[in-house]
1. The conditions are (1) open to solvent by less than 10 Å² (accessible area, probe 1.4 Å); (2) in contact with a Gly (Cβ under 7 Å, 6 or more places away or on another chain); (3) without any contact (Cβ under 8 Å) to a residue 60 or more places away in the chain, and V549 fails exactly one of them. Which is it?
2. I need the full set of residues from the range 360-381 which are touching a helix residue (DSSP H, G or I) at 6+ places or on another chain (Cβ under 6 Å) and either closer than 29 Å to V475 by Cβ or surrounded by fewer than 15 Cβ atoms within 10 Å (Cβ to Cβ) (or both), in order please.
3. So for the range 245-253 (the condition being among the aliphatic types (A, V, I, L, M) and touching a helix residue (DSSP H, G or I) at 6+ places or on another chain (Cβ under 9 Å)), does at least one residue qualify?
4. Could you tell me whether the range 299-306 includes any residue that is part of a loop (DSSP other than H, G, I, E, B) and either within 28 Å of C457 (Cα to Cα) or modelled with pLDDT under 95 (or both)?
5. If G308 satisfies all but one of (1) touching a residue at least 12 places away in the same chain (Cβ under 8 Å); (2) open to solvent by 10 Å² or more (accessible area, probe 1.4 Å); (3) over 19 Å from the mean Cα position of the chain (by Cα); (4) closer than 30 Å to Q426 by Cα, what's the number of the condition it fails?
6. Could you pull out the residue among A444, A459, A478, A524 that is open to solvent by 50 Å² or more (accessible area, probe 1.4 Å) and among the aliphatic types (A, V, I, L, M)?
7. Tally up the residues in the range 250-287 that are touching a Phe, Trp or Tyr at 6+ places or on another chain (Cβ under 7 Å) and under 16 Å from N230 (Cα atoms), please.
8. Which numbered condition trips up S255, out of (1) part of a loop (DSSP other than H, G, I, E, B); (2) among the hydroxyl-bearing types (S, T, Y); (3) more than 17 Å from the chain's Cα centre (by Cα)?
Amino acid sequence: DQHLVDGCPHDVAEVAPNKCSGKQQFLPFRRAFAVLVTTLALIVACAAAVASWRWTQAPRQFLEPVTSVQSEVALPLGPIFGGKAAKDAFTLFRGVWRDLYRNNSGVVPELASADLPKAFRGVTAKIVVSSGGVAEGGVVSEGIGYGIMVEGVQAAAGDRESLNNGLALMKAWLGMVQGPKHSVKDPKHANASLSLITPVGGGDGLVAESATKVDLPPYGVSAIAPQGPNGRGPSGVAAWKYPIESCSWGLCTGSATDADEDAVFGMIYLAHALDYPLDFMDTVMRALIAVASADLGFPDLYRTLPDGTKVFVPKGGSKWGGLSPADGKLKSSFNHGCINPSYFAPASYRLMRDFAKKHWRPEFDAYLPTHIGGGKSSLAELVEAFNGAIIAGYNLFYRSSCASGIVSNWAGSRADCNDGESLNCQGVPWATTPHVGKSGTCTASGTKWGSWGKDACRAPWRIAMDYVLYPEESVNVAMYSEDGRVDPSTHFNSKVYLNNMASWYKKYAKCDGGISGSCTGRGAATDPNKLGAAFVAELGAPKVTCGNVPFQPEPNWWAAEMSHPTFASFVAPFDPLLNRSESSAWLDTFAKLCNTSNLGSYDDEDTSHGILNLCSKTYFQASQQVISAMVSSGTMQMPGTSSGSGSSPSTQGGSNSWPSWLPWLR
């Protein structure tokens with residue numbers, strides 16, 4: 001097992017052997033004693049809480065209220081956040097990110113506000129200026145999705161500017177779902193033009209109903225027309241890049257799964273900020289269903305495990321990857337049996353699942369895609385698809401990551417049906433992961449299979465989000481063997497993964513970030529060379545690769561998008577190696593890395609500039625900075641409070657306030 005040693009995260013066993021090892025015959029007694037001590041501690045904590053708190057209803061998925069490290073009573077399951085330095089860093093990075101916003105000047109279709117939910121009246125669409133790699137020279141759904149998520153989270157906490165920004169970005173998203181009304185230049189023929197069939201969604205754009213019917217390629221419904229008195233305007237997942245004719249190989253059609261997940265995550269927060277108007281809820285619900293169908297394969301693209309569990313696999317986009325068949329009418333457009341592990345967004349799937357369960361209305365039944373053959377699907381099957389994607393996602397993720405926390409850009413999920421074209425059958429998507437089949441590989445976006453790079457870099461904050469929002473559920477993950485049987489000997493979940501990465505810093509950094517001043521360089525800033533020693537070979541880092549991720553990182557830790565997401569690993573409690581105050585101090589240590597008066601803007605592949613690369617103004621680096629800081633500072637956890645500043649629960653609304661918004665989901 002590349003992730004655990006005797007039931008402890010790999011590096012905890014090495015850093016603190018006296019805390020994690022011992023003779024096997026004493027383990028049952030030690031565990032029983034630990035349970036007794038923990039139970040007594042909880043009784044004392046709860047008694048103190050009852051005496052001092054103004055009680056707020058806790059979400060059902062928690063056995064007790066979950067609080068941050070700054071709260072007076074900190075219970076074991078609670079996520080941990082940084083203090084003032086972490087919040088200041090988020091404010092800085094939010095400003096850098098917002099500098100990339102522009103009013104839409106026709107790059108994406110501008111929809112009439114009167115045709116949309118009332119919340120969009122008077123709103124002009126905003127876009128995010130992207131750059132680098134396949135994002136160069138246009139507006140990508142990835143950037144819009146990031147923006148909706150970041151702004152939606154703050155809007156739900158009462159920030160009016162964020163609400164305005166979130167609605168403006170969402171309006172651009174809906175325009176990208178609809179597609180252009182006018183003809184566009186044919187990328188393959190200089191003197192020709194093309195008329196697209198709308199809504200484009202994640203469909204082909206040139207074939208009628210390819211976005212709205214499950215039995216036309218690509219499989220799944222990616223755009224859903226409004227119905228009834230509350231349905232207004234288009235909704236669904238978006239074509240991945242605009243201008244839609246700007247791709248040299250053809251139209252930039254098909255959705256990007258990561259963008260779709262982030263966008264709908266943010267839309268749910270915006271719905272909370274608006275107090276759930278029915279017309280807005282209708283739009284969000286249609287987008288949610290489109291993600292499940294186009295990106296996860298609901299209702300018919302799945303594999304059945306020996307115990308009867310249906311598992312759905314996040315695709316690369318509406319057109320390719322995941323479990324899409326190799327042959328037949330609905331075959332993958334390319335990269336059959338390929339996944340991007342960093343597209344796995346368990347917090348988004350849980351949030352969408354719970355939102356649908358809480359806010360479902362009978363009229364939404366009409367939006368559900370039919371089964372192949374015409375049978376109706378149901379809300380229960382939609383919930384099953386989100387749960388199945390979480391199970392498959394963690395089992396695939398486990399086999400495409402290392403004990404150091406690094407993750408592969410690309411991995412395999414091939415589990416072909418016998419005829420090569422059926423959508424569902426018995427099978428195990430992770431039977432050969434990380435390979436595609438017995439020994440194959442795959443790649444896209446200019447990043448390598450088997451290497452930690454600009455795709456894989458996002459994985460730590462996605463898993464951290466799962467722990468932050470669902471600290472109990474995300475540590476109870478069903479793990480299976482390669483033959484699809486439940487494997488109780490494999491212990492892997494959000495906390496194990498995050499603890500593994502945090503332990504790498506704890507063991508190999510040349511300072512202790514849990515001690516104030518230990519990592520300081522010149523002035524009060526953190527010395528990046530001391531922290532980089534955990535992951536940069538030239539600074540003395542050990543081998544971070546493993547059989548699941550065999551090739552060296554490209555780029556390395558010095559690129560902002562590579563380093564910042566790793567910082568979020570400290571949100572998960574790490575007893576016995578770190579107490580909660582020490583974990584919080586680590587988050588503040590990371591937050592003090594940046595020279596705020598001189599942020600860099602180097603190409604992300606040029607990692608020779610040290611600290612200037614760690615804090616950047618360029619598009620992709622800026623996105624990873626702001627999202628990672630949003631998670632680490634606690635901003636994401638408080639959509640129900642009145643403050644949009646990202647303050648900790650202990651300073652805004654009381655120690656038990658942030659979870660109080662979650663019951664509306666359950």
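The values are calculated or read from the model by the stated rules, or taken from the named source; none is laboratory data. Nothing here was measured: the structure is a model prediction, and the numbers come from that model. As a convention, Cβ positions derive from the backbone with ideal geometry for all residues, glycine included, and neighbour counts pool all protein chains shown. Protein only, heavy atoms only, side chains kept; ligands, DNA and RNA dropped before computing areas. Shrake-Rupley method; radii C 1.70, N 1.55, O 1.52, S 1.80 Å.
1. The one condition V549 does not meet is (3).
2. W360
3. No, there is no match, as no residue in the range 245-253 is among the aliphatic types (A, V, I, L, M) and touching a helix residue (DSSP H, G or I) at 6+ places or on another chain (Cβ under 9 Å).
4. Yes, that holds for at least one residue.
5. Failing condition for G308: (1).
6. Values: A444 fails: open to solvent by 50 Å² or more (accessible area, probe 1.4 Å); A459 fails: open to solvent by 50 Å² or more (accessible area, probe 1.4 Å); A478 fails: open to solvent by 50 Å² or more (accessible area, probe 1.4 Å).
Exactly one residue qualifies, and that residue is A524.
7. 4
8. Only one criterion in (1) part of a loop (DSSP other than H, G, I, E, B); (2) among the hydroxyl-bearing types (S, T, Y); (3) more than 17 Å from the chain's Cα centre (by Cα) is unmet by S255, namely (3).
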